[in-house]
Amino acid sequence: MTHESRRLTPEAARLLTLSTEPWVSCDECFELVDAYVERLLEDPDTTAMPGLLVHLRGCAACAEEAESLLLLVARQDGRDPGPAVARLRGLG
Amino acid sequence: MTTLGRGTVPIVDEPVDWPTALSLPGPAQDMALRRLHALMVRAARHQVWRMRGMLPGVDAVTCEDLANSAADEALTALLGKLDTFEGRSRFTTWAYKFAILQAATEVRRHAWAKREVHLEDADLWSDKGAGPEQHAEAVDLASAVADAMREALTPYQRKIAVALLVDQVPVDVLAERLSTTRGALYKALHEARGRLRAHLAATGHLTDPDGSHR
């Protein structure tokens, strides 16, 4: 086996040590994400489904798809997605 | 047609009860299927163009093919799970997620089709050449994480963690290359993160394995 040295940036270190408790799987995320996106658009400060938000901060693929769904629904409904997107990204 | 305002995407003549319309054979089902397929294409196209940056050199026709292919696959997946729709969201939102998942997966697969994924048991160290803008504490943590990677993780966990979070291989691409599932890889990553946090707590780099950094 080849051993290769890599650069471990502070951002990679942060992602590696992110707490992903409480546990939510990718399958559970997929089951819940449509309801969560609608809830988040209604109330960006919602505290519903805290485990799902933890999962989205720890799983880049699910986060991308959740944000995409949120933007599509917001556009369809004529809503401002800004506050909800900020919450998804951990900025709000 | 309902007009929802500037920049919005109207939904045309949406059935009130999608599951019933899709379940009962007849003209209403045919109509519902056509409308649903159009919605899936819309969502898949939205996703493909959102991830367009991953596809340099790919022309618009190929993007459209990707979107249509993803919409077809997603429609099949949705119809197979129609009886699981519980009305916790609007049907259209529920449907869109199938198309978005499939389109995102297709784009990642396409983007990585000619790229190798090196699963090596890497030795990691912090960025010694980090600029002054990088806080010394963050560099110190990176160094401690590199040590924890070597000491607390199994070789498999280390390979998965490095591939996903250091080399940034998309999780569904890695799952396909390893003949496993996205969920299984995320579970392995979750367990690796728990081990790293526990190790860093024991060495004083985290105050609480379930809390924040020191």
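Just so you know, all these numbers are worked out from the coordinates, no wet-lab data involved. Just so we're clear, the structure is a prediction, and the values are computed from it rather than from any experiment. When we count neighbours, we look across all protein chains shown, and the Cβ atoms used for this are built from the backbone with ideal geometry, even at glycine.
Observations on the model:
- 12 Å Cα-Cα reach of B:LYS81 towards aspartates and glutamates, excluding residues that sit fewer than 8 places from it in its own chain: A:GLU31
- In nm, spacing of pseudo-spin labels at B:THR207 and A:ALA48 (7 Å Cα→C-beta vector): 3.3
- Across A:ALA61, A:ALA12, A:ALA74, mean-square fluctuation computed from a Gaussian network of chain A (C-alpha pairs under 10 Å connected) peaks at A:ALA12.
- Options A:GLY51, B:VAL169, A:LEU91, ranked by Cα towards positive dipole end of the protein assembly as shown, top entry (Cβ charges): B:VAL169
- The calculated Kirkwood hydrodynamic radius for segment B:148-193 is 10.4 Å, given to one decimal from all distinct C-alpha pairs.
- Dipole size of the protein assembly as shown about its Cα centre, with +1 on Lys/Arg Cβ and -1 on Asp/Glu Cβ: approximately 360 debye, rounded to the nearest 20.
- Cα-based reach from B:LYS187 at 15 Å (exclusive), listing aspartates and glutamates while leaving out same-chain residues under 8 positions away: A:GLU21, A:ASP27, A:GLU28, B:ASP172
- Within-14-Å neighbourhood charge of B:LEU185 [Cβ basis; K, R +1; D, E -1]: +2
- Karplus-derived HN-Hα couplings along segment B:85-101 (A = 6.51, B = -1.76, C = 1.60, θ = phi - 60°), whole Hz, x at Gly and Pro: 5, 10, x, 6, 9, 5, 4, 5, 5, 4, 5, 4, 5, 5, 5, 5, 4
- Of the GluC sites (Glu not before Pro) in segment B:49-90, those whose Cβ has at most 15 other Cβ within 10 Å and which sit in DSSP loop: B:GLU86
- Relative contact order of segment B:144-214: 31 percent, from C-alpha pairs under 8 Å at least 6 residues apart in sequence.
- Separation of the B:ASP140 and A:ALA86 label points, Cα + 7 Å toward Cβ, nm: 3.3
- Phi angles of segment B:116-121 translate, via the Karplus equation with coefficients 6.51, -1.76, 1.60 and θ = phi - 60°, into HN-Hα couplings of 7, 10, 8, 9, 10, 7 Hz per residue; Gly and Pro are given as x.
- For chain A, relative contact order (Cα pairs under 8 Å, six or more residues apart, normalised by length) works out to 29 percent.
- Relative contact order for segment B:37-99, counting Cα pairs under 8 Å that sit 6 or more residues apart, in percent: 49
- Centroid-to-centroid separation of segment B:152-209 and segment A:66-92 [C-alpha atoms, Å]: 28
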